[in-house]
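The next block holds one structure in the form of structure tokens; read it before the comments.
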Amino acid sequence: MDQDAKDRDDRTWCFWTDQPTLFDAIVSCSWSQFQVQGKHLAKTLDLQAYRYKMIRGIDFYRFATASLVEHPHIDFLQGRVERIEDGVQEASIVVEGQKYAGTWVFDSLFDWSAFRPDPARYHSLAQQFKGWAGTAGAVWRTRNGSPSRPERGPAALLDGTGANGGAEWSAGHTPRG
């Protein structure tokens, strides 16, 4: 069940890995270096066996649909989920007044109100990639929203204080294969 048709490229997913994954065929960019840059620091790190990989939303939706359509017990439905119910014998969702039940329900929505990070146990990094415009095979650096030239090189994490008053985000990719 999904509210949207999932026929638009509406997001990207990025992840770290040192192993082949089920999604390698749809990875659009893969970085082998990472650059951290701030007011008093500029350092490029070789990720060694790790890669930072990016998957475009539309590629994931197409991959998932192609993989799941082969299973006759899976139905693709579209609608707005009103609530999720977790019972002893079954889990269910209610969509526009209609109840759908199964052994379990997977809810991929993130509930920020329930998020309670434990800084003593986990470290987290909030990433925001503002000002990026992507093209096939390159990521463009933008200055105040205007595309510049394509960049190749390490993925970059900057402090967001460009000399021109806007952030200068740059990234490149390691070709697959």
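Read-outs throughout are calculated quantities, based only on the coordinates presented, and are distinct from any laboratory measurement. Predicted, not measured: the structure shown is a model, and the values here were computed from it. Methodologically, a virtual Cβ is constructed for each residue, glycine included, from the backbone with ideal geometry; neighbour enumeration extends over all protein chains shown.
Here are the numbers for this structure:
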read-out	value
Net charge of Cβ neighbours under 14 Å - reference Leu68; Lys, Arg +1; Asp, Glu -1	-1
Full-extension gain in nm, Phe115 to Asp18, via 0.36 nm per residue minus C-alpha separation	32.2 nm
Gain in span if fully extended, Ala25 to Thr103, counting 0.36 nm per residue against the direct Cα distance	25.0 nm
Net +/- balance of residues flanking Asp107 in space, Cβ distance below 14 Å, scoring K and R +1, D and E -1	-3
Positive dipole terminus of the range 9-115, leading residue within Gln48, Thr17, Trp104 (C-beta point charges)	Gln48
Simple spin-label estimate for Asp46 and Ser32 in nanometres, 7 Å along Cα-Cβ	1.0 nm
For Glu96, Glu82, order by how many other beta-carbon atoms lie within 10 Å, fewest first	Glu96, Glu82
